[in-house]
1. Pairs, please: C-beta under 7 Å, at least 6 apart or cross-chain, first residue free of Cβ contacts under 8 Å to residues at least 40 places away in the same chain and in the range 22-40, second assigned to a loop (DSSP other than H, G, I, E, B)?
2. Please state which one of Glu30, Glu37 is more than 17 Å from the chain's Cα centre (by Cα) and either under 24 Å from Glu89 (Cβ atoms) or open to solvent by 60 Å² or more (accessible area, probe 1.4 Å) (or both).
3. Within the range 58-75, can one find any residue that is touching a residue at least 24 places away in the same chain (Cβ under 8 Å), open to solvent by 20 Å² or more (accessible area, probe 1.4 Å) and closer than 23 Å to Val151 by Cα?
4. Specify which of the listed residues (Glu96, Glu128, Glu122, Glu100) is in a loop (DSSP other than H, G, I, E, B), open to solvent by 50 Å² or more (accessible area, probe 1.4 Å) and farther than 17 Å from Asp158 by Cα.
5. Take the residues in the range 148-165 that are open to solvent by less than 40 Å² (accessible area, probe 1.4 Å) and touching a helix residue (DSSP H, G or I) at 6+ places or on another chain (Cβ under 7 Å), then tell me which one is farthest from the ligand (Cβ to nearest atom).
6. Considering only the range 191-207, state which residues are within 16 Å of the ligand (Cβ to nearest atom) and in contact with a Gly (Cβ under 8 Å, 6 or more places away or on another chain).
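The values are calculated or read from the model by the stated rules, or taken from the named source; none is laboratory data. Every value quoted in this text rests on a predicted model; they were computed, and no experiment measured them. In this analysis, Cβ positions are derived from the backbone assuming ideal geometry, glycine residues included, and neighbour counts consider all displayed protein chains. Calculation scope for accessible area: heavy atoms of the full protein, side chains included, ligands and nucleic acids excluded. Shrake-Rupley method; radii C 1.70, N 1.55, O 1.52, S 1.80 Å.
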Amino acid sequence: MRVGVVGLGAMGAGIAQLAVEAGLETVGREVELERAEAARGTIAHFLARKVEQGRLEQQARDDAVGRLGITTDLADLADCDVVIEAAFEDLDVKRELFRELEQVVRADAILATNTSALSVTEIASALERPERAVGMHFFNPAPLMPLVEIVRAERTADDVFETAFALGSTLGKTPIRCSDTPGFVVNRVLIPLLNDCVRVLDETGVTPEDLDAGMKHGAGWPMGPCALLDLVGADVHVHASEALYAKLREPRMAPPPRLVRMLAAGKLGRKTGEGFYRYD
Ligand code: CAA
């Protein structure tokens, strides 16, 4: 199987890493070659760390890196069996990409979207053949988080859904079957929960450090909510909250003002060096 990944940001690069580690020939597409090269560098780095930790053979690492092609041209995805779109979370951007991809790929190719909060059905409806579209929603950081949500849109064909489900397993993930409802399963739960956590900061006057320690040591979370929001990015989280709120109209879904202010100030978290915490 040959896999294409469109968009090599944190999620796309992580997905491409999984694909090459699983032995699949992979083409990653970015709008600028420098960004694609940077993503390949990140993947090469994480695979090298695995070698240093004794979790991967040097030859396997070199072979995996060698399986990753990069391009700026969507036409280079022509031979892919499955293309996973991991571009910016904007409905129009994703619909346009799907439309362009359909002109390029084979008639039997599957088009998957990694959207976290948009409707797969709305993205798929840009296609002449929406049956070929499916959601494959990975979690951040994709190489480390075991879950992938396989999302059946209104018109997803059964064989397309099952192929995406099997691909999730091939990539080493635990796939679950989801319907195309807002936030699917995990974000439907996690987004209002994280919004509650941010509101708690203001209501209780607790520090981010203490809230994080509370949820780690009192609720068994692997990382605290503020650290998690810094990992996800205020931009990504606010966008996803707004998308869920637009569909569900539940007040807990709306992004808390504190996060909206952080977004306006460019305090996005790890990616800008400051969020709830500072990063060097
Ligand atoms: N890509 C690839 N490899 C990575 C990586 C990445 N982004 N980040 C770390 N690694 C590798 C590194 O090589 C690292 O080893 P070194 O530090 O020695 O180099 C190795 O993985 C282990 O990293 P950590 O020691 O940081 O791993 P950990 O045991 O502390 O676990 C974690 C990290 C998996 C992130 C854990 O803290 C966790 O589960 N956190 C919760 C994350 C979570 O909830 N994510 C979901 C976000 S919501 C979402 O994604 C939905 C959405 O739509 C927005």
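1. Filtered contacts from the range 22-40: Leu33/Thr72; Arg35/Leu8; Ala36/Leu8; Ala36/Glu30; Ala36/Thr72; Ala39/Leu8; Ala39/Glu30.
2. Numbers: Glu30 fails: more than 17 Å from the chain's Cα centre (by Cα).
Criteria check complete, one pass: Glu37.
3. No, the range 58-75 contains no residue that is touching a residue at least 24 places away in the same chain (Cβ under 8 Å), open to solvent by 20 Å² or more (accessible area, probe 1.4 Å) and closer than 23 Å to Val151 by Cα.
4. On the way: Glu96 fails: in a loop (DSSP other than H, G, I, E, B); Glu122 fails: in a loop (DSSP other than H, G, I, E, B); Glu100 fails: in a loop (DSSP other than H, G, I, E, B).
Exactly one of Glu96, Glu128, Glu122, Glu100 is in a loop (DSSP other than H, G, I, E, B), open to solvent by 50 Å² or more (accessible area, probe 1.4 Å) and farther than 17 Å from Asp158 by Cα, namely Glu128.
5. Ala157
6. Filtering the range 191-207 for residues within 16 Å of the ligand (Cβ to nearest atom) gives 191-198.
Listed by number, the list holds a single entry, Ile191.
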